[in-house]
Amino acid sequence: MGRKDSANKVFFSDPERFADLVNGICFGGEQILRAEDLTDVDPHPGRRTRDVIKMTSFGVGFAIIGEESQETVDYELPVRILESDLADYRRQVRAIQKDIRQKIRDKDLEIQTLSRGERLYRYPKDAKILPVVTIVLSAAQVWDGPRDLTDMLDTEHVPEALIPYISGYRINIVELPKLTEDVTSRFRTDVRQVMDVLRCAWDGEALIRLLRGNTDYQDLDEDAYKVINEYAALRKYGFAETNEGGKCDMKNGFDWIVEHYQEIGEEIGKEQEAEKNRKNLMEIVANFLRSGDSPEKISECTKVPLEEVRKIESQLLQQV
């Protein structure tokens, strides 16, 4: 887990913030979900993980709401989210099946009411599992990735009549740079301060207007400070003094950041360009590898160091 995921996980593990995030994003700011309604769920049901998962109670019903952070565009995200959500659904089904198997062993009278299919598959007709909602927080400046599974599918030669039968599995993307003040004003905890900085992080003038003279950033929780520093790429410039109550006085730090924002913007641009070049290089090497060329030949043709070619080859093999 990178520093951004770690800071994000600590921040949203707090039930007040988690409830605030859900209320602001899913319920338009209406206080539907309360912190006391939340219970923790293991975020590692399988190989695929989410940052934070909590179970919520709405009267007699329940929902599982997962949260992910995404700094850069992941073009396989619908499949990854599908795998994670499926793991949560599968875990619930297995719990029901385990209960039925135990009742069969105990010769519970309830088993006599089950049909042949219910006993065979260990799943009663009226059994219900809880819905899973995954919220993806994307800090990428532009989300140009797929928003559902169908965006990833090659349907060029698929008969049009067959298209309606293909399941899409839409994902819930919250593009932080595109949030507006109308949206962030829905939040009632320091989630608002964090989201406001993240929506302005790509716009120096907007960030200056937000931070200059804003007393909300003079007494900020340390966890919120860490998320802001990591996601907004301000860690090199930001600093804060922590008082006895664990709060950060960030006024001086942000004043200094505002004055040097042009330099920060240049650093972000360099990071983006480097990432773009890296992706292009991997694609070029991948094409050579698919053609059956050896790492030595690829290195000779592309002038890419042999060690780097082998490193990319290893990464590509791990993705298979």
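Every read-out reported here was derived from the displayed coordinates using simple, explicitly stated rules and does not represent laboratory data. Quantities reported herein were computed from a predicted structural model and do not represent experimental measurements. Heads up, the Cβs are rebuilt from the backbone with ideal geometry, glycines too, and the neighbour counts pull from every protein chain shown.
Give me D126, D182, D108 sorted ascending by neighbouring Cβ count inside 10 Å, so fewest comes first.
On the way: D126 5, D182 8, D108 13.
Exposure proxy ranking, most exposed first: D126, D182, D108.
Please tell me which of these pairs span more than 21 angstrom C-alpha to C-alpha: K103/K128; K276/K311; K54/K178; K9/K226; K279/K311?
K54/K178
Computed FRET efficiency, Cβ-Cβ of I129 and V79, R0 22 Å: what is it to the nearest 0.05? Don't skip to the end; give the middle numbers.
Working: r = 21 Å, r/R0 = 0.96.
It comes out at approximately 0.55.
What length, rounded to one decimal in nm, is gained on full extension from R290 through to R310, with 0.36 nm per residue of separation minus their alpha-carbon distance? Don't skip to the answer; put the middle values down first.
Details: separation 20, 0.36 × 20 = 7.20 nm, distance 1.40 nm.
Between R290 and R310, full extension yields 5.8 nm more.
Show me the trypsin sites (Lys or Arg not before Pro) within the stretch 144-239 that DSSP assigns to loop and that have at most 12 other Cβ atoms within 10 Å of their Cβ. List each step's numbers first, then the result.
Working: sites: R147, R170, K178, R186, R188, R192, R199, R209, R212, K226, R235, K236; in loops: R147, R186, R188, R212, R235, K236.
Hits after loop and neighbour filter: R212, K236.
Once amide H atoms are placed 1.01 Å from N in the peptide plane, what residues at a sequence separation of 5 or more from V52, or on another chain, have their amide H within under 5 Å of its amide H?
Residues meeting the criterion, in which the H sits 1.01 Å from N, are E67.
So which GluC sites (Glu not before Pro) in the stretch 102-202 are both in a DSSP loop and have at most 12 other Cβ atoms within 10 Å of their Cβ?
Working: sites: E110, E118, E156, E160, E175, E181; in loops: E156.
Filter output for the stretch 102-202: E156.
Mind sorting K107, K297 by how few other Cβ atoms lie within 10 Å of their own Cβ, fewest first? Working shown, then result.
Numbers: K107 8, K297 13.
So the residues, fewest neighbours to most, are K107, K297.
Run the dipole for the stretch 277-319 about the Cα centre, Lys and Arg Cβ at +1, Asp and Glu Cβ at -1, nothing else charged, and hand back the magnitude in debye, nearest 20. Spell out each step's value before the answer.
Values: 7 positive and 7 negative charges, 32 e Å.
Using only the charged Cβ atoms, the result is roughly 160 debye.
Which residues' amide hydrogens lie under 5 Å from the amide hydrogen of R147, considering only partners 5 or more residues apart or on another chain, with H built in the peptide plane?
Result for R147 returns nothing.
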